[in-house]
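Encoded as structure tokens, the structure appears first; notes follow it.
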Amino acid sequence: MTLPTQELMEASLENKAVPAQKANSSKKKEVLPDGVLMPLGHVLHQCRKSFYFAFMITAIVDIMGIVPMLYMMSVYDRVITSRSWVTLVSLTLLVLAMYLFWSALEWIRNRLMVRLSLRIDWDLGPDIFDAAFRRFVTRKNVNVHQLLNDLNVIRQFLTGPGILTLMDAPFGIVFIIVAALFHPYLAIFAIIATVLMGIATYFTQKVTSPILKVANDANAEASRVASNSLKQAETTLALGMLGAVRHRWYHQHRFFLQNQVNASEASGLMGGFSGFLTKAMPSLQMALGAYLAIEGFITGGMIIASTMMISKSIGPLQKLLTGWKEIISFRQSYDRINALLMSDTRVESGMKLPPVIGHLVVSQLTSVPPGSKNPVLSNIRFEVKPGQALAIVGPSASGKTCLSRLIVGIWKPTQGSVRLDGVEIADWNHDDFGPQIGYVPQDIDFFEGTIAENIARLSEIDSDKVLAATQLIGMHEVILGFPKGYETELGETGFVLSGGQRQRLAIARALYGMPKYIVMDEPNANLDDPGEQALVDAIVQLKQAGCAVVMTTHRPKLISVVDNLLVLQSGQQVAFGPADELLNAARNPSEPTAPQGAPI
């Protein structure tokens, strides 16, 4: 057996990222034998043959645990009494060969479990990342760091002592049977010890599991609060808010500490009982063996062997008590990942749709954004054809940003439809649809990477397309003035850009590859006059190239180059029609009201 190469791992992830999405989505819909749809459980079910093989190896390994006991018993009862060097050497060579075979089996089992853990990571890692990402975008409460760590917890559990302890547990009965062959009293003692350890394990689990779950959730929430606070570090320090931010973090952290202490105290009594059993059992089993030897029921060598057998029979339960927190963490991670994947909704790849043309039709659109109870937009209807530009105007909180997110498919409409080229935009697969459109959000951020990588959307860099995008928005010369030009690093620790530079780079990213459908939310909010003029010129060129452009704005300069205006007020469509007619109507209120446009 050889470990998978890095190329194999990368190929596996690449194959999963796009073509296998439909297959992965369909596999989640398969019903397990117990009738429950559990994505993670289904992957484990697919690996059942490997688990059976690992369990079979565990059975052989556990049975071979008798070898050192028999060796020790033979040395005490035969070699010492006969003083035979030949017997000693023969037994030693035989037991060394058995140890070599034993070690080989354990090595094979460990390698098998490592591969099983990698298989689970390869199968579910991209799904978990995508599902957590989608859940975060829809503003649902999700801790992405915790979910990705949950996958690590599951992988480490499958390669650590926890899973092996669970596999070992059933074979304690083997050692009880062997002890019974020596004397029934030894078997009875082992059964009583096992039952007592089982009781201690059960009550420890009952007492500590709920409290530990609350503690772990509180710790994750505290970490999330701290992580989110770091995103506002500059504002926090400048406005003297560090104390308030620290208080909010420590409130969650203290809740975690309280529950952790409660779990420790709750398990103290049972922990003391199990600790007493752990300390007392070796001495009691030795005493029982000595009594039986004194009475002549067993030999001196059998004392040592029987003591080891009883230890092996109760050993798995002792390990369960020791590693109970690890098992609880695994179970909680298992449940969280299943809950995430079960609640996730993704667009099937299905048949590949034709390239985007840019014909947008919005009909009777009503939207209740994630986290809200009341509609932010109601009965919105308009149309944008290829080669046209639409400006969405209105006061603050009129629903412009919400509409921008709806017409790029980030959010789904509550009622009505948003169709691009005749297809409901929510039905487009973003992996296919995203590279064909341009989008400039209101809040702009860049990824860790170079300027060229960010403009190319972290895909393979096409230098011609990067240059075309930056020249279109007038950023080429500005970028050349940066420390490393297009290789200048951006991100949290990268080069600091001005507000206007950030906005123009975001526009260049949206224009990469000259997409036929472009949505920009306040693209000129931070632009100076040259930057705004460059944007106006870019919009004119985009229209000439047959692109559909939709943007929100508060400033009149962009309105001069658009074909239509959509006026929003308090989430309602006040007017929609040719920009010149609406502007003339606004300047001359006595004239007839501007047309709303034919219902769509």
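The values are calculated or read from the model by the stated rules, or taken from the named source; none is laboratory data. Computed from a predicted model, the values in this text were never measured in an experiment. Cβ atoms come from the backbone with ideal geometry, glycine included; neighbour counts cover every protein chain shown. With ligands, DNA and RNA removed, areas are computed over all heavy atoms of the protein, side chains included. Shrake-Rupley method; radii C 1.70, N 1.55, O 1.52, S 1.80 Å.
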Residues located in region 117-134, provided they are open to solvent by 10 Å² or more (accessible area, probe 1.4 Å) and touching a helix residue (DSSP H, G or I) at 6+ places or on another chain (Cβ under 8 Å): 118, 119, 121, 122, 123, 125, 126, 129, 133
Where residues in region 52-66 are open to solvent by less than 40 Å² (accessible area, probe 1.4 Å), modelled with pLDDT under 85 and not small (Gly, Ala, Ser), which of them is nearest to residue 168 (Cα to Cα)? 62
Quick check on my filter: what residues within region 436-457 are part of a strand (DSSP E or B) and surrounded by 18 or more Cβ atoms within 10 Å (Cβ to Cβ)? 437, 438, 439, 440, 450
Could you tell me which residue of region 61-108 is nearest to residue 307 (Cα to Cα), considering only residues that are out of contact with any Asp or Glu (no Cβ under 9 Å at 6 or more places or on another chain) and among the acidic types (Asp, Glu)? 77
State all residues of region 463-502 that are part of a loop (DSSP other than H, G, I, E, B), farther than 18 Å from residue 529 by Cα and β-branched (Val, Ile, Thr); if no residue qualifies, say none. 488, 493, 496
Out of the residues in region 377-397 that are part of a loop (DSSP other than H, G, I, E, B) and either at positive phi or touching a Ser or Thr at 6+ places or on another chain (Cβ under 6 Å) (or both), which is surrounded by the most Cβ atoms within 10 Å (Cβ to Cβ)? 394
Would you check if residue 423 is farther than 27 Å from residue 498 by Cβ and β-branched (Val, Ile, Thr)? yes
Enumeration of residues in region 490-502 that are open to solvent by 10 Å² or more (accessible area, probe 1.4 Å) and either of a type in the set (Lys, Arg) or modelled with pLDDT under 90 (or both): 491, 492, 493, 494, 495, 496, 497, 498, 499, 500, 502
Top-ranked residue in region 354-368 [being part of a loop (DSSP other than H, G, I, E, B) and open to solvent by less than 60 Å² (accessible area, probe 1.4 Å); ranked as farthest from residue 419 (Cα to Cα)]: 368
Just to verify a result, which residue in region 503-556, among those that are outside any strand (DSSP E or B) and of a type in the set (Ser, Thr, Tyr), is surrounded by the fewest Cβ atoms within 10 Å (Cβ to Cβ)? 553
Would you confirm whether or not region 517-527 contains a residue that is without any contact (Cβ under 8 Å) to a residue 40 or more places away in the chain and β-branched (Val, Ile, Thr)? no
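The rows are residues; the columns are (1) open to solvent by 40 Å² or more (accessible area, probe 1.4 Å); (2) modelled with pLDDT under 75; (3) closer than 30 Å to residue 209 by Cβ; (4) not in a helix (DSSP H, G or I).
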| site | (1), (2), (3), (4) |
| --- | --- |
| 235 | yes, yes, no, no |
| 257 | yes, no, yes, no |
| 263 | no, yes, yes, no |
| 276 | yes, no, yes, no |
| 281 | no, no, yes, no |
| 288 | no, no, no, no |
| 303 | no, no, no, no |
| 312 | yes, no, yes, no |
| 327 | no, no, yes, no |
May I ask you to list the residues in region 412-435 that are closer than 18 Å to residue 386 by Cα and open to solvent by less than 50 Å² (accessible area, probe 1.4 Å)? 418, 420, 421, 423, 424, 425, 433, 434
Condition check for residue 408: surrounded by fewer than 21 Cβ atoms within 10 Å (Cβ to Cβ), in contact (Cβ under 8 Å) with a residue 40 or more places away in the chain, hydrophobic (A, V, I, L, M, F, W, C) and out of contact with any helix residue (DSSP H, G or I) (no Cβ under 6 Å at 6 or more places or on another chain): no
Between residues in region 159-178 that are under 9 Å from residue 62 (Cβ atoms) and residues that are of a type in the set (Phe, Trp, Tyr) and surrounded by fewer than 21 Cβ atoms within 10 Å (Cβ to Cβ), which pairs lie under 7 Å by C-beta distance while being six or more apart or on different chains? 167/55
May I ask you to verify whether residue 460 is outside any loop (DSSP other than H, G, I, E, B) and among the acidic types (Asp, Glu)? no
Residue check: is residue 568 within 40 Å of the chain's Cα centre (by Cα) and either of a type outside the set (Gly, Ala, Ser) or buried (at least 20 other Cβ atoms within 10 Å of the Cβ) (or both)? yes
Residue 195 fails exactly one of the following numbered conditions: (1) crowded, with 19+ Cβ neighbours inside 10 Å; (2) without any contact (Cβ under 8 Å) to a residue 60 or more places away in the chain; (3) within 21 Å of residue 62 (Cα to Cα). What is the number of that condition? (1)
